[in-house]
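See below for the structure under consideration.
The values are calculated or read from the model by the stated rules, or taken from the named source; none is laboratory data. All values reported here derive from a predicted model rather than from experimental measurement. Every residue, glycine among them, receives a Cβ derived from its backbone with ideal geometry; neighbour counts consider all protein chains shown. Protein only, heavy atoms only, side chains kept; ligands, DNA and RNA dropped before computing areas. Shrake-Rupley method; radii C 1.70, N 1.55, O 1.52, S 1.80 Å.
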Amino acid sequence: TYSKAGTLSNHDHSIITNNVERIYIKNTGNVGIGTTDPASYNNDGDDFVIAGTGATGMSIASGTSSNGSIMFADGTSGTSGYRGAIKYNHASDYMHFNTAAGERARIDSSGRLIVGATAAIANVAGTGHLQVLGTGGGDTTLTIGRFSANASPPTLAFTKSRNGTIGGNTIVQDGDNLGQITFSASDGSDMVSNSAKIEVEVDGTPGSNDTPGRIGFYTTADGGNGSVERMRIDSSGSVGIGTSSPGSYNSAGDNLVVAETSGGAGITLASATDGSGHILFADSTSGTGDYDGFIRYD
C-alpha cells in the first residue's frame, strides 16, 4: 500500500499486489477497482467503480438460507432503514425488487415475473410467467402506448410455430391455435373456470406466405365452467352465429349465418316505438347512403 505525492490531507491512495495497482482511492473519496480515475464516470455512480477491458462483475455471496442484497437509503432512512432494495433469497431462489420500503416485483424460482404480489396465481390458461396483480385500477392495468406522428399503432403480438426451439420456424397446420385471450373468474375455490375467451386458429392449409385464419368468440352458459363458441369469422370473411361453418351454407347467403342446432333461429331488429326497422338492399353502384330496395317495418 502506498500514498501518492501530496500532503496527508489531499493525497490519493493505491493498493498494489504483484506490482499492479488494484484499488485506487482518490482524495475525493471515490474508489476505483481496475481504474485510477473513478471520478471520471457519471456523477450518480462514481463513488465506487469497477472497471475492466473484458467481462466485469461483482459477486455477493451470502449463506445458503440468507439474502444477498443491494440496499438504497437516504438521509431519512436511519441506520437500519432503507427506501429501495434488490434482494436475492437463497432459501427459496427468488429475487425481489423494493421501492418505498416495500416489495413491488418478484422473479420466482420458475422465472415468473410477478408485479404487485409475492406469489403467482393460476387460472384456466395456466400459471403465466408474466403477472400483474393488484387490488385497484392502476395496479391491475397493463398499458401499451405508442407516441409517434403517424398512423402506426401499439401492438400486442401472438406468435406460433410448431418448432420446439425458440426462434425456430416450422409451419403450422389447419386448426392450430395461434393465440387466445381468456377471461377467468373465481368460483369461490379457484380461478380455473372459464367465463369467456377470444381465440384465433389456422383456417385452411397454410403455406409459404399463406396463413389463413379465423376468429372465434366464446361465452360460458349459466351453470357451466367452460366456454362454447358462439360466433365465428372465418378466413373468407363469413360470419356465423351459432355455427362454426358459415361457409357451408348457400353462397348467396353465407356472409352472415344465424343457426341453431335445435329449435328455431331468428334475428330481431328492435327500434324505437316511433321509429322503423329496416333491411336495405344495395349494389356497388348505389353509392354511400343509397339503396335499391328495402323491407321496412314502421
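Residues of segment 182-201 being more than 19 Å from ASP234 (Cβ to Cβ) and without any contact (Cβ under 8 Å) to a residue 60 or more places away in the chain, which ones?
Within segment 182-201, THR182, PHE183, ALA185, SER186, ASP187, GLY188, SER189, SER195, ALA196 qualify.
Taking segment 102-134, which residues are within 19 Å of GLY84 (Cα to Cα) and either surrounded by fewer than 13 Cβ atoms within 10 Å (Cβ to Cβ) or polar (S, T, N, Q) (or both)?
Scanning segment 102-134 gives GLY102, THR118.
Table: residues versus (1) open to solvent by 100 Å² or more (accessible area, probe 1.4 Å); (2) within 30 Å of VAL202 (Cβ to Cβ).
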position	(1), (2)
SER248	no, yes
VAL258	no, yes
THR261	yes, yes
GLY266	no, no
GLY277	no, no
THR285	yes, no
PHE294	no, no
ASP298	yes, no
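When GLU21 is evaluated against the numbered criteria (1) surrounded by 10 or more Cβ atoms within 10 Å (Cβ to Cβ); (2) at pLDDT 90 or above; (3) out of contact with any helix residue (DSSP H, G or I) (no Cβ under 6 Å at 6 or more places or on another chain); (4) of a type outside the set (Val, Ile, Thr), which criterion, by number, is the only one it fails?
The one condition GLU21 does not meet is (2).
Look at VAL228 and say whether it is of a type in the set (A, V, I, L, M, F, W, C) and surrounded by 13 or more Cβ atoms within 10 Å (Cβ to Cβ).
Here the answer is no, as VAL228 does not meet what is asked.
What are the residue pairs meeting all of these: first residue in segment 16-31, first residue charged (D, E, K, R), second residue assigned to a loop (DSSP other than H, G, I, E, B), Cβ atoms under 7 Å, and 6 or more apart or on different chains?
Cβ pairs passing all conditions: GLU21/THR36; LYS26/ASP12.
Read through the list (1) closer than 20 Å to VAL115 by Cβ; (2) of a type in the set (S, T, N, Q); (3) surrounded by fewer than 14 Cβ atoms within 10 Å (Cβ to Cβ); (4) touching a strand residue (DSSP E or B) at 6+ places or on another chain (Cβ under 8 Å), then give the number of the only condition that ASN89 fails.
Condition not satisfied by ASN89: (3).
Just to verify a result, which residue in segment 158-180, among those that are of a type in the set (A, V, I, L, M) and either part of a loop (DSSP other than H, G, I, E, B) or at positive phi (or both), is most open to solvent (accessible area, probe 1.4 Å)?
It comes out as ILE166.
Residues SER208, SER189, SER193: which one is surrounded by 11 or more Cβ atoms within 10 Å (Cβ to Cβ) and at negative phi?
SER193
Suppose we keep only residues that are within 26 Å of ALA61 (Cα to Cα), assigned to a loop (DSSP other than H, G, I, E, B) and hydrophobic (A, V, I, L, M, F, W, C) within segment 91-145. Which one would you say is farthest from the chain's Cα centre (by Cα)?
Across segment 91-145, the extreme among qualifying residues is ALA91.
Somewhere in segment 26-36, is a residue over 30 Å from HIS90 (Cα atoms), open to solvent by 100 Å² or more (accessible area, probe 1.4 Å) and charged (D, E, K, R)?
No, segment 26-36 has no match at all.
Of PHE72, PHE97, which residue is of a type outside the set (D, E, K, R) and at pLDDT 95 or above?
PHE97
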